[in-house]
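Just so it is clear, none of the values below were taken in a lab; they were calculated from the coordinates. The structure displayed is predicted, hence computed values, not measured ones. Note that each Cβ is placed from the backbone with ideal geometry, even for glycine, and that neighbours are counted across all protein chains shown.
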Amino acid sequence: MKQAIPILPIAPTRSHFPADEARQPWLALLLDVQQLTDHAVSEGIQRETRKGKTLACARGCASCCRTHTDIPVYPLELMGIAWYATEKLAAPLRAHVQTQLQQHATRDACPFLVDEACAIHPLRPMACRHFNVFGRQCAPGEDAFHSRREAVLTPIKALKDKALRVMLRHHDIKSETERRRQVETGEVHRLAQSLRDLRWETLAARMAAFDKIR
Ligand code: SF4
Ligand code: SF4
């Protein structure tokens with residue numbers, strides 16, 4: 001699932017796509033949300049590391065991308081994934097992803113898993129960013145959340161919740177009080193869809209259409 005970075009820095013760097021962000025303001029908001037999310041994760045990892053735990057996630061370790069079938073994706077994240085896959089993925093990765101998107105209904109793994117790495121790593125959803133495991137790497141088919149919950153990272157709640165509140169600006173909820181309420185009650189999660197249940201064939205078609213006009 002992860003692409004390297006055994007221990008993230010305390011304040012992770014925000015991704016920048018200046019021209020694309022200027023053209024699509026929602027993208028700037030999403031990248032802000034991702035930075036807050038990564039901050040919640042990196043602070044959580046640092047906290048556990050200070051207790052003597054060692055992060056197991058590393059490049060090439062990706063059984064979680066096959067095992068997890070209930071990865072939530074929010075509308076803003078979906079827009080980011082679609083944009084990145086359509087406009088940023090280059091050959092030969094692009095062709096791999098297009099094929100896997102087309103075959104999504106018959107495959108077990110996440111359609112973005114290519115050669116044991118995430119093809120959309122800069123735009124991967126919050127849920128994938130959150131899921132980190134300490135100690136030993138997950139065995140094939142193991143969902144550490146159920147088999148050894150104590151080894152699974154709990155991101156820093158205040159930062160995780162802040163990321164969700166910022167995300168809610170995309171839904172035109174102008175009141176911070178209302179955004180806070182939706183996060184605290186869990187109502188925000190009603191916005192999410194399951195990554196595995198989405199009709200990714202339509203993204204493959206969108207990528208093909210983009211290829212024809214560029
Ligand atoms: S240790 Fe588990 S959660 Fe971490 S990258 Fe490997 S399979 Fe995924
Ligand atoms: S989007 Fe898919 S391949 Fe990427 S980290 Fe999440 S589950 Fe893994």
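Figures for the structure shown
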{"quantity": "Selection status of Val114, in contact (Cβ under 8 Å) with a residue 40 or more places away in the chain, touching a helix residue (DSSP H, G or I) at 6+ places or on another chain (Cβ under 7 Å) and of a type in the set (A, V, I, L, M)", "calculated": "no"}
{"quantity": "Selection count where residues are over 14 Å from Tyr84 (Cα atoms) and not β-branched (Val, Ile, Thr), scope the range 201-210", "calculated": "3"}
{"quantity": "All positions within the range 37-82 that are touching a Lys or Arg at 6+ places or on another chain (Cβ under 9 Å), within 23 Å of Arg14 (Cα to Cα) and among the hydroxyl-bearing types (Ser, Thr, Tyr)", "calculated": "Thr37"}
{"quantity": "Total residues in the range 63-108, condition part of a loop (DSSP other than H, G, I, E, B), of a type outside the set (Lys, Arg) and either crowded, with 17+ Cβ neighbours inside 10 Å or more than 16 Å from ligand 1 (Cβ to nearest atom) (or both)", "calculated": "9"}
{"quantity": "Residues located in the range 156-170, provided they are over 13 Å from Ala40 (Cβ atoms) and not aliphatic (A, V, I, L, M)", "calculated": "Arg169, His170"}
{"quantity": "Some residue of the range 159-174 being without any contact (Cβ under 8 Å) to a residue 60 or more places away in the chain and within 16 Å of ligand 2 (Cβ to nearest atom)", "calculated": "no"}
{"quantity": "Subset of the range 183-201 that is surrounded by fewer than 16 Cβ atoms within 10 Å (Cβ to Cβ) and of a type outside the set (D, E, K, R) - its residue that is farthest from Met167 (Cα to Cα)", "calculated": "Ser194"}
{"quantity": "Qualifying positions in the range 144-175 - assigned to a loop (DSSP other than H, G, I, E, B) and either more than 13 Å from ligand 1 (Cβ to nearest atom) or touching a Cys at 6+ places or on another chain (Cβ under 6 Å) (or both)", "calculated": "Thr154, Pro155, Ile156, Asp172, Ile173, Lys174, Ser175"}
{"quantity": "Set Gly60, Gly141: member being in a loop (DSSP other than H, G, I, E, B), without any contact (Cβ under 8 Å) to a residue 60 or more places away in the chain, surrounded by fewer than 21 Cβ atoms within 10 Å (Cβ to Cβ) and within 16 Å of ligand 1 (Cβ to nearest atom)", "calculated": "Gly60"}
{"quantity": "Subset of the range 176-196 [within 16 Å of ligand 2 (Cβ to nearest atom) and either part of a loop (DSSP other than H, G, I, E, B) or closer than 22 Å to Pro25 by Cβ (or both)]", "calculated": "Ala192"}
